[in-house]
Structures are given as structure tokens and as C-alpha cells.
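The values are calculated or read from the model by the stated rules, or taken from the named source; none is laboratory data. It should be emphasised that the depicted structure is a prediction, and the values quoted were computed from it without experimental measurement. Note that each Cβ is placed from the backbone with ideal geometry, even for glycine, and that neighbours are counted across all protein chains shown.
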Amino acid sequence: MEIRLIETISIVLVYFLLRLIVAKVILKTVERSLMQKRRAKLILKAFSIILAIIFITSLFLIWGVNQSDLVLFLGSFLAILGMAFFAQWSILSNITSGIILFFNHPVKLDDTISIMDKEFNIEGRVSDISLFFVSLKTKEGKQITLPSNILLQKMIMHSKDD
């Protein structure tokens, strides 16, 4: 029983330490890239959910939940989640793209970009980047909302506005 308490306290400390480190990295990325703080909250929420799932699974293992029961539960949960995302595969793709765009993409807010497509080129100023969508404002003043995975799938030509 004592060992389980020590392991639980250790896992709790590691969980909170990881959350603190992730939050600092995300906030530093926001400051360095001059992004909106709202984007940081979305990314932080996604990472918090992932860390919480790992934390809860670790606690279950420490406190003696039968591993086969835990695997059965996680497998069932992932199967249901997989079916839900399979029906809407683009949602998962957009979430992943939103996270990638947050940490590692040269396109930032107020950049003017051209999305080069065979059938229809789109040009505009980036007015918002969220976890799911990117909003562009055209020279004509129209607002265009695109799925965030478009920025990873298409060739983009961009220039920074001064």
C-alpha cells in the first residue's frame, strides 16, 4: 500500500510538471511567433487531454486494475472513437494540422498567402488560424474559411505584410 501511495504521488507530480512544461513551451512559441493567445489555449487544451489520459491510465495500473480489463476498456473506447473519426476523418486531420501549424509552419497571422490549386487559386491575408480552420480576407474584403489541413496539403506562396 505504501509503494502505491509513493507511486501515485510521483505520477501526480510528474503530471503537473509536464503540464507546466508544456504550457511554458506553448506560451513561448506564442510570444516568439506573435500568435494570438486564443490559439495557445486550444493547443494547450489538446495536450492537456492527452496528458490526462496518460495520467489516468497510469493511476489505473498503479492501483491494480486488471491489465486485461484496462486493455479491453481502452480498446473499446478507441474503437468507438475510431468509428466516430472515420465518419469524419477530416476532423482528425484538421486537428492534427492545426497543431502542426501552431508549432512549425511559416504562415502566421497577417501574412498574405496564395494557395495554389489546379482549379482555383485563392489569395488573401490570414486573419485567423484555429485548430480546425484558417480564415483569409481577400482584397475584395470577402472572408474565406478553409480547413487547416489545406495549408499542409497545397503549395502555398506567402509574403509577410508590413
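Do any strands (runs of 3 or more DSSP E) lying entirely in the stretch 122-162 carry at least 3 residues that are over 18 Å from Thr96 (Cα atoms) and touching a residue at least 12 places away in the same chain (Cβ under 8 Å), and which ones are they?
122-129, 155-160
Show me the helices (runs of 4 or more DSSP H) entirely contained within the stretch 24-120 in which 1 or more residues are basic (Lys, Arg) and either modelled with pLDDT under 80 or surrounded by 14 or more Cβ atoms within 10 Å (Cβ to Cβ) (or both).
37-62
Restricting attention to the stretch 1-15, and to residues there that are in contact with a helix residue (DSSP H, G or I) (Cβ under 7 Å, 6 or more places away or on another chain) and hydroxyl-bearing (Ser, Thr, Tyr), which single residue is modelled with the lowest pLDDT?
Among them, the one singled out is Thr8.
Only one of (1) modelled with pLDDT under 85; (2) touching a helix residue (DSSP H, G or I) at 6+ places or on another chain (Cβ under 9 Å) fails for Leu18. Which number is that?
Single failed check for Leu18: (1).
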